[in-house]
Amino acid sequence: MARSIVALAIMLFPQYTRADLPLHERIDRAIESALEGPPAAPASDAEFLRRAYLDLAGMVPTSTEARVFLDDPSPYKRERLIDTLLSGPRFARRMRDVFDVAWMERLPDKYVPSAAWRAFLLRAFQENRPYDQIVREVLSADGTDPATRPAAKFLLDREADANNLTRDMGRMFLGRDMQCAQCHDHPLIDDYKQAHYYGLFAFVSRTTLYDQPGAGKVLAEKGEGDVTFTSVFKKKITNATGPRLLDGPAIAEPAIAKGQEYFVGPKEKARTVPAFSRRAQLPNALLTTDVSAFDRAIANRLWSVLMGRGLVHPLELDHSGNPPSHPELLDDLTRSIKAMKYDMRAFLREVALTRAYQRSSEPRPEASDSQMEPSRYAVAPLRKLSPEQLGWSVMQALGFVEASRRGAEDRYLTRDPKMRDILETTVGKRQRAELLEAAVEDQLAGNLGPFIQRFAAAPGQPQDAGDPTVHQALFLANGEPIQSWLNPSGVNLTARLNALTDPGAIGEELYLSILSRRPAEEERAEVAQHLKDRDKDKGPAIKELAWALLSSAEFRFNH
Amino acid sequence: MKRCSHACGSAEHLTSRRQFLGTVAAGVGAASGLGTFVRPLVADELTRQERQVLVVWLAGGASQLETWDPKPGTDTGGPFRSIETSVPGTRISELMPLTAKQMHRIALVRGLNTKENDHGKGHYMMHTGRPQMPGVVYPHLGSIAAKYVTPETSPLPGYIHITPGGGGLSSADAAFLGPKYGALHLGNGQPPANTVRPASLNDLGASAREAVFQHANDRFAKRRRTAETEAYTSTFEQAKQLMARREVFDVTKEPERDFDRYGRHDFGRHCLLARRLLDAGVTFVQVTHSNYDTHNENFDFHLEQVGEFDQGFATLLEDLGASGRLQHTLVIVMSEFGRTPKINPWYGRDHWGNAWSIALAGVGITAGNVVGKTNANGTAVVDREVGAGHLFHTYMKALGLDTKESVDVNGQDFFLADPSATHIPELLA
């Protein structure tokens, strides 16, 4: 019924379904027209608040932030919160973590330290650098210039290995895992041809590692060497290819006379520099020719950052046998990200504004399993917090992030008059927030280690999969640093709760701090009863309550 | 048909595991209700003895010439002699007199050619049955056993690795099977981390916080339909059971005289701990003995190292045999590679993957057997050459696992065992 009405609307008023409508409205129409029944109710303010903070700031809000939002009567508060978070200092950090994990998959450092690479990503997201530009920087850096060397991690740490790079560039930039097309056309996926594999391969097959004295490993490139390939099923036929992106045109290569292949040749005992660099053609091939795979891949990835799964799912298997759940929507998103000049912040804003993003994670009781199937986006999914989200959220919930921020504020604003002068007169509000956030991160990021160690998938493996483990539970139940963090100190959560006497106030502060919502009646009563049962042991009782909520499924998932 | 790849410990997964093991009666589909299949599974659980695995990893690359394939009196043979064993006609190095008496329980593979001389790549190959390739990582045998043999309900981790080094959980071994099936390292035999309740928490506090935790989870799960919350909360139940059984990891509870029998050195103690873990029902136990990378003074090193190995290993094998546990336990003694027949100027032997040996015992293995042969001075395989892939298929067969099993990873199927290899029929009973 709903579907036919929308179809009718499209027939009668095509103009309203196209560019006249904002993207978020187009998204909702596409999603809603494909629903089989009514979707889940809109998320409550508290559900939305927690979700938005986790997705756009990488951690839960403080109890104060939660209170302010929940008590704000404005009908525009959700939109305002999205904008506040997108322009806040944590958004860039959240995106840095997302793209670091997506592109480096927690692989151990080889030639470029992770800290430098992450600083590069952070800067890029702080400046809201367009996606195409970031990719261009990543694929262009050769490691020789200290200023751009961090961006070269993608190529250098993969040892400039052409097969490794072909696979990962295909997966990460084109949404196509073509590994199985290395030795023959993909056996199960008709769209993935061996020629695609080697066309991409040819951009990097001449690239090698060179040990530059004083600089470490850098990229060099040969001026010769052609790519031929043979299918293991048709061994008699040898194919040749130059650099070529999927079914796009072959990259034009200048005719180079024999003996003129190099600026710096292999005999000079230096980094070889070819007269014509095939690798240098790669960013242009990706970005200037009309390869919608590149745009589709980033549109799909950004969608999945907020929606928990790609329209094409898994993200790396975009092909006709695995069609998107909403093909026209993905086409629209693909066109939109390009039309938005790859502004990721603006794109995510549109997705965050949708009714689809702002649905409850509680299905309607009468809804069938098929109506609630995840690819319909009829109900918000449960998503495990990433190790970084979990670590930061634990620190936030227990009051350590806020304490650290206040400490930095105190250092900068109260005790250092010169610094205060600079902060209050010369730099803007945003830079001030950024400075404080950097101080918080300096102080607390080291605590993420145990969380990453236990909650991350193995390096190179899909990072969002994996069953929960008993070792995670043991860590949460008995391990450090959490047990120490539960001890009252300074202005942390348990210290604040100990200072309160009214059980109702304790319950409210506890729930707002950890679960970003006020307790229900039953939960208030439970807190009061727990405190009453253990009236001789208020301190331990408060720790127990805090631990229970912090370890609960409600905290573990983004819902 | 794509397999279900999401994380949950639901009963459906139990069935698929059982179907995979071939023990569920035909006609029990995953679609049937809980009541119809849980009961037969439980009954099956009780009657069937789970298979177990013991791997002794001789790190660095033990010399086949000073262990399983001695060549005394040749230009490559070195100073040690060979001795008779409990299997007439089979001789091994004199450095292993106790193991020689257990030879009737052991099968040797003497025609191993892995063509791999790199520590890291050899390690990967021997644990996964495949050469290392960029871009894709396969799970170790231990992780496969933890996923496909260990019952979902087991309170103990399925894959435990006793190492001389540091402890902790290594999810890398599990590759795409997921961290749950990673190796739990017991560094120098110490119990796993975080298995003791915080000192500040008394019994009352512990049960109080658990009650609140439980209520919170129930309230959250009530309004949502997902196996994920259940999988998450069940790990806390598992943690409790593991903590209750913490003594399983405490080797000091073993009788004093066994410490003498196994040898009063780290490896002896670790072998005794391995026995304790296997007795407790842990599916896969690996013990690492380090270090055999003898580029210098190969013979002095092997004299000492193999001596320790011989005592710990032979005693463990004898005990497993005597207790009957060997009937359902697969035993593998291996390294990343062997060592060069050629003795270098420093009396050392270098890395050598071209003609070397491993030893097997236990379930599914033809005891007393020798498969494969090297030439007179051990420089080449002359009969029944096999590689790591063949061994891997053989291990899986011995464990009753399907060598054609594949796993859906992000929409693509990956075979657990290299499809280009097959098992070694002569080795299998």
Scan region B:298-307 and tell me whether some residue there is open to solvent by 10 Å² or more (accessible area, probe 1.4 Å) and small (Gly, Ala, Ser). yes
Suppose we filter B:Thr229, B:Thr233 for residues that are touching a strand residue (DSSP E or B) at 6+ places or on another chain (Cβ under 9 Å) and either buried (at least 16 other Cβ atoms within 10 Å of the Cβ) or away from chain A (no Cβ under 14 Å) (or both); which single one remains? B:Thr229
Wholly within region B:361-422, which strands (runs of 3 or more DSSP E) include no fewer than the required count, namely at least 2 residues that are surrounded by 15 or more Cβ atoms within 10 Å (Cβ to Cβ)? B:406-409, B:412-415
Region A:370-421: helices (runs of 4 or more DSSP H) wholly inside it with 1 or more residues that are within 14 Å of chain B (Cβ to nearest Cβ) and more than 24 Å from A:Ser489 (Cβ to Cβ) are A:387-397
Within region A:455-481, the residues that are facing chain B (nearest Cβ under 7 Å) and either part of a loop (DSSP other than H, G, I, E, B) or charged (D, E, K, R) (or both) are A:Ala457, A:Ala458, A:Pro459, A:Gly460, A:Gln461, A:Pro462, A:Ala465, A:Gly466, A:Asp467, A:Pro468, A:Thr469, A:Gly479
Checking the condition closer than 24 Å to A:Gly88 by Cα and either at pLDDT below 95 or open to solvent by 60 Å² or more (accessible area, probe 1.4 Å) (or both), which residue from A:Arg123, A:Arg118 passes? A:Arg123
In region B:142-191, residue modelled with the lowest pLDDT [restricted to those that are in contact with a His (Cβ under 6 Å, 6 or more places away or on another chain) and either over 16 Å from A:Gln472 (Cα atoms) or assigned to a loop (DSSP other than H, G, I, E, B) (or both)]: B:Gly167
Within region A:126-156, can you find the residues that are open to solvent by 10 Å² or more (accessible area, probe 1.4 Å) and either more than 20 Å from A:Arg345 (Cβ to Cβ) or among the polar types (S, T, N, Q) (or both)? A:Gln126, A:Asn128, A:Gln133, A:Ser140, A:Asp142, A:Thr144, A:Asp145, A:Pro146, A:Ala147, A:Thr148, A:Arg149, A:Pro150
Scanning region B:210-226 for residues that are open to solvent by 20 Å² or more (accessible area, probe 1.4 Å), over 20 Å from A:Asp467 (Cβ atoms) and not small (Gly, Ala, Ser) gives B:Glu210, B:Gln214, B:His215, B:Asp218, B:Arg219, B:Lys222, B:Arg223
Residues of region B:192-209 that turn out to be more than 19 Å from A:Gln472 (Cβ to Cβ) and either open to solvent by less than 20 Å² (accessible area, probe 1.4 Å) or at the interface with another protein chain (Cβ under 7 Å from one of its Cβ atoms) (or both), as a count: 2
Let me confirm something: among A:Ala240, A:Ala252, which residue is away from every other protein chain (no Cβ under 14 Å), surrounded by fewer than 16 Cβ atoms within 10 Å (Cβ to Cβ) and out of contact with any strand residue (DSSP E or B) (no Cβ under 8 Å at 6 or more places or on another chain)? A:Ala252
All but one of (1) closer than 30 Å to B:Arg264 by Cβ; (2) at pLDDT 90 or above; (3) out of contact with any helix residue (DSSP H, G or I) (no Cβ under 7 Å at 6 or more places or on another chain); (4) within 14 Å of another protein chain (Cβ to nearest Cβ) hold for B:Ile106, so report the exception by its number. (4)
Can you confirm whether A:Lys267 is assigned to a strand (DSSP E or B) and open to solvent by 40 Å² or more (accessible area, probe 1.4 Å)? no
Filter pass, B:Pro88 being more than 12 Å from chain A (Cβ to nearest Cβ), free of Cβ contacts under 8 Å to residues at least 12 places away in the same chain and not hydroxyl-bearing (Ser, Thr, Tyr): yes
Unmet requirement for A:Glu544, which otherwise passes all of (1) more than 8 Å from chain B (Cβ to nearest Cβ); (2) in a helix (DSSP H, G or I): (1)
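The values are calculated or read from the model by the stated rules, or taken from the named source; none is laboratory data. Here the structure is a predicted model, which means the values were calculated and not measured. Cβ atoms come from the backbone with ideal geometry, glycine included; neighbour counts cover every protein chain shown. We work out accessible area using only protein heavy atoms, side chains counted, and drop any ligands, DNA or RNA first. Shrake-Rupley method; radii C 1.70, N 1.55, O 1.52, S 1.80 Å.
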